[in-house]
1. If you go through region 28-51 one residue at a time, do you hit one that is farther than 30 Å from Leu83 by Cα and touching an Asp or Glu at 6+ places or on another chain (Cβ under 9 Å)?
2. May I ask you to list the residues in region 15-46 that are open to solvent by less than 100 Å² (accessible area, probe 1.4 Å), without any contact (Cβ under 8 Å) to a residue 24 or more places away in the chain and hydrophobic (A, V, I, L, M, F, W, C)?
3. Take region 75-97 and flag every residue that is closer than 24 Å to Phe21 by Cα and open to solvent by 100 Å² or more (accessible area, probe 1.4 Å).
4. Of all residues in region 55-74, which are aromatic (Phe, Trp, Tyr) and open to solvent by 90 Å² or more (accessible area, probe 1.4 Å)?
Amino acid sequence: MSPTIMALIAVLAVWMLACAFQGYRARLLGFLGVLILGMALNMLWMALHLNATPLEGNALMAQAALVLYGLCAFGFGWLAGRLVRQFRASRVDDQTR
């Protein structure tokens with residue numbers, strides 16, 4: 001695997017972790033900011049290095065896939081955050097002191 005592909009996969013993983021963290025904290029505006037930043041970087045990569053135009057079919061499909069990746073990461077983060085909050089709220093206080 002080429003270093004460029006490995007770098008792109010690493011950037012995608014970090015971006016998805018940022019989306020999941022925003023979901024974990026239930027910050028919708030933060031998620032929208034991360035999503036827009038990711039879409040801008042993705043379009044910049046496709047325009048400069050792949051010579052794609054913004055309204056090209058493949059570029060639009062890549063942007064749609066990126067939005068779905070982000071929504072899934074946000075959803076998983078939101079679910080994990082909700083589970084953690086419910087678990088913390090349901091713990092029994094120690095009264096033996």
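1. yes
2. Those that are open to solvent by less than 100 Å² (accessible area, probe 1.4 Å), without any contact (Cβ under 8 Å) to a residue 24 or more places away in the chain and hydrophobic (A, V, I, L, M, F, W, C): Ala18, Leu32, Ala40, Met43, Leu44, Met46.
3. Phe76, Trp78, Arg82, Leu83, Arg85, Gln86, Phe87, Arg88, Arg91
4. Hit for region 55-74 is Tyr69, nothing else.
The values are calculated or read from the model by the stated rules, or taken from the named source; none is laboratory data. Fair warning: this is a prediction, and the values are worked out from it, not measured in the lab. Heads up, the Cβs are rebuilt from the backbone with ideal geometry, glycines too, and the neighbour counts pull from every protein chain shown. Note: areas computed on protein heavy atoms with side chains; ligands, DNA, RNA excluded. Shrake-Rupley method; radii C 1.70, N 1.55, O 1.52, S 1.80 Å.
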